[in-house]
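The values are calculated or read from the model by the stated rules, or taken from the named source; none is laboratory data. Remember, predicted model here, so these are calculated numbers, not experimental data. Using ideal geometry, Cβ is built from the backbone for each residue, glycine included, and neighbour counts are taken over all protein chains shown. Note: accessible area is taken over every heavy atom of the protein model, side chains too, but ligands, DNA and RNA are not part of it. Shrake-Rupley method; radii C 1.70, N 1.55, O 1.52, S 1.80 Å.
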Amino acid sequence: MPFPKDFLWGAATSAVQIEGAWQEDGKAPSIWDVAAHRILNRDNCHVTCDHYHRYREDIALMKELGLPSYRFSVSWPRIMPEPGRINEAGLAFYRDLVTELTSAGIEPVVTLYHWDLPLWAEEIGGWRSAEVTDWFLEYAKHVIDALSDRVRCWITLNEPQVFIMQAYVQGAFAPFQHKISKTRTYVHNMLLAHGKCVSLLRERAKLPPAVGIAMAASVYVPETEDPDSLARAEKRSFHSLFGEIQNAMYSDPIFLGRASRLMNGKLKEEDLAIISAPLDFIGVNVYRPLNPWFRPISYRREKHPRTLMKWPVDPRCLYWTIRLFHERYHLPVMVTENGMASADTVSEDGRVHDPERCAFLDGFIGQMERAVEEGIPVKGYMHWALLDNLEWCWGFKPRFGLIHVDFETQKRTVKDSGYHYAELIREKTRG
Ligand code: FCB
């Protein structure tokens, strides 16, 4: 039985994607609350899974499945509806959520920023303003004070690279900006926000915290396992232009205290000292390899099935991401997201049959197991997602959940993959 006893098996969500209650109990709008015009079918996040009102039911389902942990994010505009003003009702929601989780024996894993910038923060400059970083830290301080007597595991930011590239460079995610010339300023501010947040957690948390960051970590899967192929995969993953934009530009300052080529000159020594505050783990969100993006010919695309998002399913990318990130950064790794989208429906027998997701779980967990067997310290695996939810600009169409949600009636139905994952967890922890 290779998995360590304290391995965190779980599932993940984020506030925008599941909570709803967008205007309730003093919450202010986030940049996603006003994004419906850019979301498929004009879907929005105003109700989504209504988890804000149904979290007890959702936690009961997690308990029934035997999920030992749950990764969720806290909504900044729910806690700080105006610069500096703290909304007690917002904090109370997360206190109750954590109470419910811990009473069910489920370990909470908290993300402090999963892309829901308060609209007021965007209006005063968003992540290109240093003032916004200060408000983020003030918000984080209140969350840490409220939850750290029971929460041990913290994630500062979710996928800074996706957030910056999609939101501020490509203009494909809220707040839909094209500020290419400011990219390095965004990166600089977000990296500083991360580093300062790590120090804040170390100073203030009541329970000794385990702190990490969730990176959109994709690497190249080597063609073969001979040393030349491995060296090429490593080089492309961190040193090619694409590898830098995807990985090194963010990860090198955080985990090595070193600016990558693209950030050279922007990050001063004193910045790097803040940004590289020591971490307990690297969170990797892994969905697909980098290969098909850049080298479609050498990577035999046709060999791999595709998900509803058209992402190729190649489980080896999980092993290689864990391995290459661990080899480069020498930290334990936690798989903070991994999953796939499909168009699941409830069948006449009342069940949701999603054999592709069951196979996906077998394949990816098998590859993670390989890393564990080889002695790489892997701390946990959070399947994305617990529930079907609003997949950002793709709306409700892609279903990522282990639990199906009927968005008309809010009825939850555990999918076959939910039961399958529960069984896998039992099997891997037996012994
Ligand atoms: C990741 C996001 C997460 C979810 C998955 C499918 O990039 O962190 O919120 O949307 O993709």
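Per the listing A15, A36, A89, the residue uniquely surrounded by fewer than 24 Cβ atoms within 10 Å (Cβ to Cβ) and closer than 28 Å to W394 by Cβ is A36.
Summed over segment 20-29, residues that are under 23 Å from V405 (Cα atoms) and either surrounded by 20 or more Cβ atoms within 10 Å (Cβ to Cβ) or hydrophobic (A, V, I, L, M, F, W, C) (or both) total 3. Considering only segment 379-398, state which residues are more than 11 Å from the ligand (Cβ to nearest atom) and open to solvent by 10 Å² or more (accessible area, probe 1.4 Å). Of everything in segment 379-398, those that are more than 11 Å from the ligand (Cβ to nearest atom) and open to solvent by 10 Å² or more (accessible area, probe 1.4 Å) turn out to be K379, F396, K397.
Contact annotation: residue pairs with Cβ atoms under 6 Å, 6 or more positions apart or on different chains, pairing a residue in segment 368-386 that is under 15 Å from L8 (Cα atoms) with a partner that is open to solvent by 20 Å² or more (accessible area, probe 1.4 Å) and not in a helix (DSSP H, G or I), are V372/P2; P377/P332; K379/P332; G380/L8.
Listed here are the residues, each with its yes/no results for (1) within 16 Å of the ligand (Cβ to nearest atom); (2) of a type in the set (V, I, T); (3) open to solvent by 50 Å² or more (accessible area, probe 1.4 Å).
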site	(1), (2), (3)
T156	yes, yes, no
I180	no, yes, yes
A205	no, no, no
P227	no, no, yes
R232	no, no, yes
F255	no, no, no
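Only residues that are closer than 30 Å to G105 by Cα and open to solvent by 10 Å² or more (accessible area, probe 1.4 Å) were counted in segment 158-178, giving 1. For segment 301-354, the candidate set comprises residues that are in a helix (DSSP H, G or I) and either within 16 Å of the ligand (Cβ to nearest atom) or hydroxyl-bearing (S, T, Y) (or both); within that set, the residue that is surrounded by the fewest Cβ atoms within 10 Å (Cβ to Cβ) is Y329.
The residue that is nearest to the ligand (Cβ to nearest atom), counting only those in segment 355-368 that are buried (at least 16 other Cβ atoms within 10 Å of the Cβ) and more than 11 Å from S417 (Cβ to Cβ), is F364. All of (1) of a type in the set (S, T, N, Q); (2) open to solvent by 20 Å² or more (accessible area, probe 1.4 Å); (3) at pLDDT 95 or above hold for S251 with one exception: (2).
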